[in-house]
Amino acid sequence: MTEINSTGSDAPLRRTITDAESRVASRGWWDLDADDYQAEHGAFLGDLDFVWCPEGLREADARLLGDVRGKRVLELGAGAAAGARWLDGQGAEVAALDLSAGMLRHAREAEARTGVRVPLVQADALALPFADSVFDIVCTAFGAIPFVADSGAAMREVARVLRTGGAWVFSITHPMRWIFWDEPDETGLIARNSYFDRTPYVETDENGVPTYVEQHRTLGDRVRELVAAGFVLRDLIEPEWPDGHEETWGQWSPLRGRLFPGTAIFVSDLRG
(Lines give C-alpha, C1' and ligand atoms only; values in the text may rest on other atoms or scores of the structure.)
Protein backbone atom coordinates (compact mmCIF):
# COMPACT_ATOMS: atom_id res chain seq x y z
CA MET A 1 0.00 0.00 0.00
CA THR A 2 2.86 2.33 -0.80
CA GLU A 3 3.95 4.24 -3.87
CA ILE A 4 5.63 7.48 -4.81
CA ASN A 5 2.75 9.92 -4.78
CA SER A 6 2.36 13.20 -6.66
CA THR A 7 4.11 15.17 -3.92
CA GLY A 8 7.26 13.06 -4.27
CA SER A 9 6.69 11.40 -0.90
CA ASP A 10 6.72 7.61 -0.54
CA ALA A 11 3.61 7.77 1.65
CA PRO A 12 0.55 5.93 0.31
CA LEU A 13 -1.63 8.00 -2.00
CA ARG A 14 -5.07 8.36 -0.42
CA ARG A 15 -7.92 10.29 -2.04
CA THR A 16 -11.67 10.20 -2.43
CA ILE A 17 -12.99 8.55 -5.56
CA THR A 18 -16.34 7.94 -7.21
CA ASP A 19 -17.86 4.54 -7.78
CA ALA A 20 -17.59 5.05 -11.54
CA GLU A 21 -13.85 5.82 -11.26
CA SER A 22 -13.38 2.78 -9.05
CA ARG A 23 -15.22 0.52 -11.51
CA VAL A 24 -13.22 1.70 -14.53
CA ALA A 25 -9.93 1.39 -12.63
CA SER A 26 -10.70 -2.11 -11.39
CA ARG A 27 -11.76 -3.41 -14.79
CA GLY A 28 -8.68 -1.93 -16.45
CA TRP A 29 -6.28 -3.08 -13.75
CA TRP A 30 -7.42 -6.69 -13.65
CA ASP A 31 -7.63 -6.93 -17.43
CA LEU A 32 -4.01 -5.78 -17.73
CA ASP A 33 -2.73 -7.67 -14.68
CA ALA A 34 -4.53 -10.98 -15.28
CA ASP A 35 -1.60 -12.71 -16.97
CA ASP A 36 0.94 -11.62 -14.36
CA TYR A 37 -1.44 -12.46 -11.50
CA GLN A 38 -2.05 -15.97 -12.76
CA ALA A 39 1.64 -16.51 -13.50
CA GLU A 40 2.51 -15.50 -9.92
CA HIS A 41 -0.38 -17.02 -7.97
CA GLY A 42 -2.03 -19.58 -10.23
CA ALA A 43 -0.09 -22.55 -8.87
CA PHE A 44 -0.97 -21.58 -5.28
CA LEU A 45 -4.67 -21.17 -6.12
CA GLY A 46 -4.89 -24.23 -8.36
CA ASP A 47 -7.37 -24.93 -11.14
CA LEU A 48 -9.79 -27.00 -9.06
CA ASP A 49 -9.50 -25.66 -5.54
CA PHE A 50 -11.11 -23.07 -3.28
CA VAL A 51 -8.45 -21.15 -1.35
CA TRP A 52 -9.81 -18.45 0.91
CA CYS A 53 -6.63 -16.45 1.51
CA PRO A 54 -2.84 -16.20 1.21
CA GLU A 55 -2.59 -18.07 4.52
CA GLY A 56 -3.71 -21.11 2.52
CA LEU A 57 -7.01 -21.88 4.27
CA ARG A 58 -8.94 -24.15 1.89
CA GLU A 59 -12.69 -24.62 1.78
CA ALA A 60 -12.10 -28.38 1.64
CA ASP A 61 -10.79 -28.10 5.20
CA ALA A 62 -12.70 -25.13 6.64
CA ARG A 63 -16.17 -25.96 5.22
CA LEU A 64 -17.38 -22.42 5.81
CA LEU A 65 -20.05 -22.87 3.12
CA GLY A 66 -21.42 -26.08 4.60
CA ASP A 67 -22.76 -28.89 2.44
CA VAL A 68 -23.08 -27.42 -1.05
CA ARG A 69 -24.57 -30.46 -2.79
CA GLY A 70 -27.60 -29.40 -4.80
CA LYS A 71 -27.17 -25.75 -3.78
CA ARG A 72 -27.20 -22.82 -6.21
CA VAL A 73 -23.97 -20.90 -5.61
CA LEU A 74 -22.60 -17.63 -6.98
CA GLU A 75 -18.87 -16.99 -6.77
CA LEU A 76 -18.55 -13.20 -6.83
CA GLY A 77 -15.31 -11.66 -8.07
CA ALA A 78 -14.34 -15.15 -9.15
CA GLY A 79 -11.17 -14.31 -11.08
CA ALA A 80 -10.12 -17.48 -12.90
CA ALA A 81 -12.99 -19.32 -11.14
CA ALA A 82 -10.97 -22.08 -9.50
CA GLY A 83 -13.33 -21.91 -6.52
CA ALA A 84 -16.39 -22.23 -8.72
CA ARG A 85 -14.96 -25.31 -10.44
CA TRP A 86 -14.16 -26.86 -7.06
CA LEU A 87 -17.73 -26.19 -5.92
CA ASP A 88 -19.03 -27.81 -9.10
CA GLY A 89 -17.06 -30.91 -8.16
CA GLN A 90 -18.79 -30.91 -4.77
CA GLY A 91 -22.20 -31.12 -6.43
CA ALA A 92 -23.19 -27.45 -6.40
CA GLU A 93 -24.88 -25.61 -9.26
CA VAL A 94 -22.43 -22.75 -9.70
CA ALA A 95 -22.08 -19.48 -11.59
CA ALA A 96 -18.84 -17.47 -11.56
CA LEU A 97 -18.96 -13.68 -11.96
CA ASP A 98 -16.15 -11.19 -12.45
CA LEU A 99 -15.79 -7.64 -13.73
CA SER A 100 -12.63 -8.44 -15.69
CA ALA A 101 -12.63 -10.02 -19.13
CA GLY A 102 -8.93 -10.75 -18.63
CA MET A 103 -9.57 -12.86 -15.55
CA LEU A 104 -12.48 -14.66 -17.20
CA ARG A 105 -10.21 -15.49 -20.14
CA HIS A 106 -8.03 -17.38 -17.67
CA ALA A 107 -11.16 -19.11 -16.39
CA ARG A 108 -11.83 -20.35 -19.93
CA GLU A 109 -8.25 -21.57 -20.24
CA ALA A 110 -8.56 -23.45 -16.93
CA GLU A 111 -11.80 -25.02 -18.17
CA ALA A 112 -9.91 -26.36 -21.16
CA ARG A 113 -7.21 -27.82 -18.90
CA THR A 114 -9.60 -29.42 -16.43
CA GLY A 115 -12.67 -30.21 -18.51
CA VAL A 116 -14.83 -28.56 -15.83
CA ARG A 117 -17.13 -25.85 -17.17
CA VAL A 118 -19.23 -23.47 -15.11
CA PRO A 119 -21.26 -20.51 -16.38
CA LEU A 120 -19.06 -17.40 -16.52
CA VAL A 121 -20.62 -13.95 -16.24
CA GLN A 122 -18.90 -10.60 -16.77
CA ALA A 123 -20.76 -8.09 -14.62
CA ASP A 124 -20.51 -5.50 -11.86
CA ALA A 125 -21.03 -6.54 -8.24
CA LEU A 126 -23.22 -3.46 -7.78
CA ALA A 127 -25.61 -4.58 -10.54
CA LEU A 128 -25.85 -8.37 -10.42
CA PRO A 129 -27.65 -9.66 -13.54
CA PHE A 130 -29.81 -12.15 -11.65
CA ALA A 131 -33.38 -12.26 -10.41
CA ASP A 132 -34.24 -11.92 -6.74
CA SER A 133 -33.84 -14.88 -4.38
CA VAL A 134 -32.18 -17.31 -6.80
CA PHE A 135 -29.04 -18.41 -4.91
CA ASP A 136 -28.53 -20.43 -1.74
CA ILE A 137 -24.94 -19.25 -1.27
CA VAL A 138 -22.89 -16.28 -2.44
CA CYS A 139 -19.17 -16.32 -1.74
CA THR A 140 -15.94 -14.60 -2.69
CA ALA A 141 -12.28 -14.90 -1.77
CA PHE A 142 -10.97 -11.31 -1.93
CA GLY A 143 -13.28 -10.41 -4.81
CA ALA A 144 -15.39 -7.31 -5.40
CA ILE A 145 -15.90 -6.02 -1.85
CA PRO A 146 -12.50 -4.32 -1.38
CA PHE A 147 -12.73 -2.64 -4.78
CA VAL A 148 -16.16 -0.97 -4.86
CA ALA A 149 -16.73 2.50 -3.45
CA ASP A 150 -20.13 1.56 -1.96
CA SER A 151 -19.61 -1.85 -0.43
CA GLY A 152 -22.83 -1.46 1.53
CA ALA A 153 -24.67 -1.40 -1.80
CA ALA A 154 -22.81 -4.55 -2.86
CA MET A 155 -24.01 -6.26 0.33
CA ARG A 156 -27.57 -5.28 -0.52
CA GLU A 157 -27.18 -6.72 -4.02
CA VAL A 158 -25.97 -9.98 -2.51
CA ALA A 159 -28.97 -9.99 -0.16
CA ARG A 160 -31.29 -9.41 -3.10
CA VAL A 161 -30.15 -12.46 -5.05
CA LEU A 162 -30.02 -14.74 -1.99
CA ARG A 163 -32.90 -16.81 -0.73
CA THR A 164 -33.98 -16.28 2.89
CA GLY A 165 -31.54 -18.13 5.13
CA GLY A 166 -28.91 -18.16 2.38
CA ALA A 167 -25.22 -17.84 3.22
CA TRP A 168 -22.94 -14.92 2.32
CA VAL A 169 -19.28 -15.69 3.02
CA PHE A 170 -16.45 -13.40 1.94
CA SER A 171 -12.78 -12.88 2.70
CA ILE A 172 -10.94 -9.56 2.59
CA THR A 173 -7.65 -8.09 3.72
CA HIS A 174 -7.93 -7.82 7.49
CA PRO A 175 -8.84 -4.20 8.26
CA MET A 176 -6.04 -3.82 10.80
CA ARG A 177 -3.52 -4.31 7.96
CA TRP A 178 -4.37 -0.80 6.80
CA ILE A 179 -2.39 0.52 9.77
CA PHE A 180 0.76 -0.68 8.02
CA TRP A 181 2.35 -0.26 4.63
CA ASP A 182 2.59 -3.37 2.46
CA GLU A 183 6.24 -4.35 2.87
CA PRO A 184 6.43 -8.02 3.92
CA ASP A 185 9.67 -7.51 5.89
CA GLU A 186 10.43 -5.69 9.16
CA THR A 187 9.59 -2.29 7.67
CA GLY A 188 6.01 -3.55 7.35
CA LEU A 189 5.75 -3.91 11.13
CA ILE A 190 5.63 -0.16 11.79
CA ALA A 191 2.18 1.38 12.32
CA ARG A 192 2.01 4.40 9.99
CA ASN A 193 -1.66 4.96 9.09
CA SER A 194 -4.80 5.65 11.08
CA TYR A 195 -7.09 2.62 11.27
CA PHE A 196 -10.01 5.05 11.19
CA ASP A 197 -9.04 6.75 7.91
CA ARG A 198 -11.45 5.31 5.32
CA THR A 199 -9.94 7.31 2.44
CA PRO A 200 -9.27 4.85 -0.42
CA TYR A 201 -5.81 3.86 -1.57
CA VAL A 202 -5.43 4.97 -5.19
CA GLU A 203 -2.75 4.50 -7.82
CA THR A 204 -2.87 6.81 -10.85
CA ASP A 205 -1.27 7.12 -14.26
CA GLU A 206 0.82 10.09 -15.37
CA ASN A 207 -2.38 12.04 -16.08
CA GLY A 208 -3.80 11.49 -12.62
CA VAL A 209 -6.39 8.96 -13.81
CA PRO A 210 -7.00 6.20 -11.24
CA THR A 211 -5.61 2.84 -12.34
CA TYR A 212 -5.94 0.86 -9.09
CA VAL A 213 -8.29 1.49 -6.19
CA GLU A 214 -8.72 -0.36 -2.92
CA GLN A 215 -11.16 0.56 -0.19
CA HIS A 216 -10.76 0.37 3.58
CA ARG A 217 -13.47 -0.19 6.14
CA THR A 218 -13.06 -1.06 9.83
CA LEU A 219 -14.31 -4.34 11.27
CA GLY A 220 -17.22 -2.44 12.78
CA ASP A 221 -18.04 -0.92 9.39
CA ARG A 222 -18.24 -4.37 7.82
CA VAL A 223 -20.51 -5.67 10.56
CA ARG A 224 -22.80 -2.67 10.18
CA GLU A 225 -22.92 -3.13 6.39
CA LEU A 226 -23.95 -6.74 6.86
CA VAL A 227 -26.61 -5.97 9.44
CA ALA A 228 -28.02 -3.09 7.38
CA ALA A 229 -28.33 -5.42 4.37
CA GLY A 230 -30.29 -7.96 6.41
CA PHE A 231 -27.59 -10.43 7.41
CA VAL A 232 -26.76 -12.11 10.70
CA LEU A 233 -23.03 -12.52 11.30
CA ARG A 234 -22.44 -16.15 12.23
CA ASP A 235 -18.64 -16.16 12.48
CA LEU A 236 -15.54 -14.07 11.84
CA ILE A 237 -12.49 -16.13 10.91
CA GLU A 238 -8.98 -14.69 11.25
CA PRO A 239 -6.75 -17.43 9.80
CA GLU A 240 -3.47 -17.96 11.60
CA TRP A 241 -0.27 -18.38 9.63
CA PRO A 242 0.28 -22.14 9.39
CA ASP A 243 3.48 -23.90 10.34
CA GLY A 244 5.57 -24.79 7.33
CA HIS A 245 4.04 -22.13 5.07
CA GLU A 246 7.00 -20.04 3.93
CA GLU A 247 5.56 -18.46 0.77
CA THR A 248 5.29 -14.67 0.54
CA TRP A 249 2.30 -13.22 -1.34
CA GLY A 250 2.64 -9.46 -1.66
CA GLN A 251 2.24 -8.08 1.84
CA TRP A 252 1.48 -11.55 3.28
CA SER A 253 4.63 -13.12 4.68
CA PRO A 254 5.55 -15.61 7.40
CA LEU A 255 7.07 -12.76 9.46
CA ARG A 256 3.94 -10.62 9.49
CA GLY A 257 1.49 -13.50 9.44
CA ARG A 258 2.79 -14.94 12.68
CA LEU A 259 2.34 -11.59 14.45
CA PHE A 260 -1.06 -10.29 13.32
CA PRO A 261 -3.88 -11.37 11.02
CA GLY A 262 -3.80 -10.67 7.30
CA THR A 263 -7.25 -11.95 6.37
CA ALA A 264 -10.77 -11.64 7.77
CA ILE A 265 -13.50 -14.04 6.62
CA PHE A 266 -17.09 -13.06 7.37
CA VAL A 267 -19.65 -15.86 7.57
CA SER A 268 -23.25 -14.65 7.54
CA ASP A 269 -26.84 -15.72 6.80
CA LEU A 270 -29.72 -13.71 5.36
CA ARG A 271 -32.39 -13.09 7.97
CA GLY A 272 -35.93 -14.29 7.37
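What are the residues whose amide H is under 5 Å from the amide H of residue 263, where those residues sit 5 or more places off or on another chain and H is modelled from the backbone?
It is 174, by chain and number.
On the accessible surface of the stretch 163-272, probed at 1.4 Å, how many percent belong to carbon and sulfur atoms?
52
Per-residue HN-Hα couplings for the stretch 233-250, Karplus 6.51 cos²θ - 1.76 cosθ + 1.60 at θ = phi - 60°, whole Hz, x for Gly and Pro?
The phi angles translate into 6, 8, 7, 10, 9, 10, x, 7, 6, x, 4, x, 8, 10, 7, 9, 10, x Hz.
If the only charges are +1 at each Lys and Arg Cβ and -1 at each Asp and Glu Cβ, what is the size of the charge dipole of the stretch 101-211 around the Cα centre, to the nearest 20 debye?
In total the dipole reaches around 560 debye.
Run the numbers on the stretch 125-272 and let me know its relative contact order in percent, using alpha-carbon pairs under 8 Å that are six or more apart.
29
Helix 151-161 against the longest principal axis of the chain: what's the angle in degrees, Cα atoms only, rounded to the nearest 10?
With rounding to tens, the tilt is 0 degrees.
Leaving ligands, DNA and RNA out of it, work out the accessible area of residue 196 with a 1.4 Å probe and give it in Å² to the nearest 10.
140
Run the accessible area of the stretch 78-142 with a 1.4 Å probe and give the carbon-and-sulfur part as a rounded percent.
C and S fraction of accessible area: 50 percent.
With every protein chain kept in the model, how would you rank 48, 65, 189 by accessible area, 1.4 Å probe, largest at the top?
Correct descending sequence by accessible area is 48, 189, 65.
Spelling out what I want: for every residue of the stretch 35-52, take phi, set θ = phi - 60°, compute 6.51 cos²θ - 1.76 cosθ + 1.60 (Karplus), and round to whole Hz; glycine and proline get x.
So the Karplus estimates, Gly and Pro as x, are 5, 5, 4, 5, 4, 7, 10, x, 5, 5, 7, x, 9, 9, 8, 10, 9, 6 Hz.
With every protein chain left in place, what is the accessible area of residue 57 in Å² (1.4 Å probe, nearest 10)?
50
Could you work out the relative contact order of the stretch 94-142? I mean the mean sequence separation of Cα pairs under 8 Å and 6+ apart, divided by the number of residues, in percent.
45
What is the stretch 1-137 by shape, rounded, prolate or oblate, if you read a ≥ b ≥ c off the alpha carbon gyration tensor as root eigenvalues and call it rounded for a/c under 1.5, prolate for a/b larger than b/c, and oblate otherwise?
prolate
For n ≥ 4 DSSP H runs only, could you compute -39500 (n - 2.57) per run for the chain, divide by its residues and tell me the 222 nm figure to the nearest 500?
-8500 deg cm²/dmol, from helical runs alone.
Taking 7 Å along the Cα-to-C-beta vector as the label spot, tell me the residue 117-residue 203 distance in nanometres, rounded to one decimal.
Distance between label points: 3.5 nm.
Which whole-Hz ³J(HN,Hα) couplings does the stretch 24-30 yield from phi under the Karplus relation 6.51 cos²θ - 1.76 cosθ + 1.60, θ = phi - 60°, glycine and proline marked x?
Once θ is set to phi - 60°, the couplings for the stretch 24-30 become 5, 5, 5, 4, x, 4, 6 Hz.
For a test of the definition: using alpha carbon positions, the gyration tensor, and the 1.5 limit on a/c, classify the chain as rounded, prolate or oblate.
rounded
Hey, can you find the accessible area per residue of the chain for me, probe 1.4 Å, expressed in square angstrom?
43
Just need the relative contact order of the stretch 32-187 here, percent rounded to a whole number, with Cα pairs under 8 Å and 6+ apart.
In percent, rounded to a whole number, it is 22.
Where Lys and Arg each count +1 and Asp and Glu each count -1, what net charge lies around residue 169 among other residues with Cβ under 11 Å from its Cβ?
-2
Under a plain spin-label model, where a point goes 7 Å from the Cα along Cα-to-Cβ, how far apart in nm are residue 131 and residue 40?
Result for the modelled spin labels: 4.2 nm.
Give the ranking of 130, 135 by solvent-accessible surface, highest area first, calculated with a 1.4 Å probe.
In descending accessible area the options line up as 130, 135.
The values are calculated or read from the model by the stated rules, or taken from the named source; none is laboratory data. Values in this document were obtained by computation on a predicted structure and should not be read as measured data. As a convention, Cβ positions derive from the backbone with ideal geometry for all residues, glycine included, and neighbour counts pool all protein chains shown. Accessible surface is based on the protein model in full, side chains and every heavy atom, while ligands, DNA and RNA are left aside. Shrake-Rupley method; radii C 1.70, N 1.55, O 1.52, S 1.80 Å.
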